[in-house]
């Protein structure tokens, strides 16, 4: 007997559309794994054959790299953390990763917002993570004190990103229980 609620029966529906933000949760969890690895290496150094590839968007707000690198890599750049890097730091509060690297014999400190990172790999163990591009987050503006009276200057504008989902499609059909 088939389960009418099993979305795996039709591969075109898997994974089924969800009202829960699973994709965002997985993206955040994967980024946390990457940050844990970077923090470990910042304390303990790289062991054995481990080395990291870190890919990030150079044109993302908050990325701080030398102008010559930004000109050479206007959209995306991959750096390798292996033998010669220094001052690797993960700042979870500021949501940044910073590291010192040498490019053409010139030392530079790169500051990369975590949201700008699109890939992380440790080729020594064939491990890689790819992240969905994230929108830059802005600090919320302080709220204006309210007088208790709702403001109504005109009709409310609709939010084009909002969606109304009917739950009728998920309800069992047939006679209702008495």
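The values are calculated or read from the model by the stated rules, or taken from the named source; none is laboratory data. This one's a predicted model, so the numbers in the text were calculated from it and none came from an experiment. In this analysis, Cβ positions are derived from the backbone assuming ideal geometry, glycine residues included, and neighbour counts consider all displayed protein chains.
Rundown of residues vs (1) over 24 Å from residue 130 (Cβ atoms); (2) modelled with pLDDT of 95 or more; (3) out of contact with any strand residue (DSSP E or B) (no Cβ under 8 Å at 6 or more places or on another chain), yes/no style:
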| site | (1), (2), (3) |
| --- | --- |
| 4 | yes, no, yes |
| 14 | no, no, yes |
| 19 | yes, no, yes |
| 22 | no, no, yes |
| 28 | no, no, yes |
| 44 | yes, no, yes |
| 69 | no, no, no |
| 102 | yes, no, no |
| 105 | yes, no, yes |
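For the condition in a strand (DSSP E or B) and within 18 Å of residue 102 (Cβ to Cβ), residue 80 qualifies. For residue 59, the conditions (1) at pLDDT below 95; (2) more than 24 Å from residue 132 (Cβ to Cβ) are fulfilled apart from (2). Is segment 43-65 home to any residue that is surrounded by 12 or more Cβ atoms within 10 Å (Cβ to Cβ) and part of a helix (DSSP H, G or I)? No, every residue in segment 43-65 fails to be surrounded by 12 or more Cβ atoms within 10 Å (Cβ to Cβ) and part of a helix (DSSP H, G or I).
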